[in-house]
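The values are calculated or read from the model by the stated rules, or taken from the named source; none is laboratory data. Not measured: the values here are computed from a predicted model. Here the Cβ positions follow ideal geometry from the backbone for every residue, glycine too, while neighbour counts run over all protein chains shown. Ligands, DNA and RNA are excluded from the accessible area calculation, which covers all protein heavy atoms including side chains. Shrake-Rupley method; radii C 1.70, N 1.55, O 1.52, S 1.80 Å.
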Amino acid sequence: GSRMPPKHGPRHTAPGAGRETGVLLEFKITLTGTRPPIWRRVQVPERLSLSELHDVIQAVMGWTDSHLQEFQWHGKRIGVPDPELDWEQVIDEDMVTLKKLGLSVKAWLNYLYDFGDGWAHVLTVEQVLAAG
């Protein structure tokens, strides 16, 4: 039988990938609309795709990955494209890395989880660190 590729993770590995960690981004993830604010701080390599970042957010915030989600960045919507809803252009989160977004300190993106209840998060870059 043919083995299906995993749902998450890169679809291909560049030569030499994984030898050097590259740059780390330190994010503060804040769940908006809560008092007191609920937030987490994480460090992730900038080579992470947004689908992998989604997995990190789910883990650190304690969500169970049971609802739709998407990132919003400079007016673009990045998530899991739905062929039945392609009238709204959603960029495939597997294809976009943090590096591709070119984030610097104080840059931020929105992460929306569960469109029904509308859990909105703001991911702010606090530090850009060169990993040794």
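A few remarks follow.
- Filtered residues of the stretch 14-31 (kept if at pLDDT 95 or above and either open to solvent by less than 20 Å² (accessible area, probe 1.4 Å) or of a type outside the set (A, V, I, L, M) (or both)): L25, E26, F27, K28, I29, T30, L31
- Among the residues of the stretch 77-132, those that are free of Cβ contacts under 8 Å to residues at least 24 places away in the same chain, of a type in the set (A, V, I, L, M, F, W, C) and surrounded by fewer than 12 Cβ atoms within 10 Å (Cβ to Cβ) comprise L85, W87, V105.
- Answer residue from the stretch 32-46, given it is assigned to a strand (DSSP E or B) and in contact (Cβ under 8 Å) with a residue 12 or more places away in the chain and is most open to solvent (accessible area, probe 1.4 Å) among those: R41
- For the stretch 47-76, the set of residues classified as surrounded by 15 or more Cβ atoms within 10 Å (Cβ to Cβ) and of a type in the set (S, T, Y) consists of S49, S51, listed by residue number.
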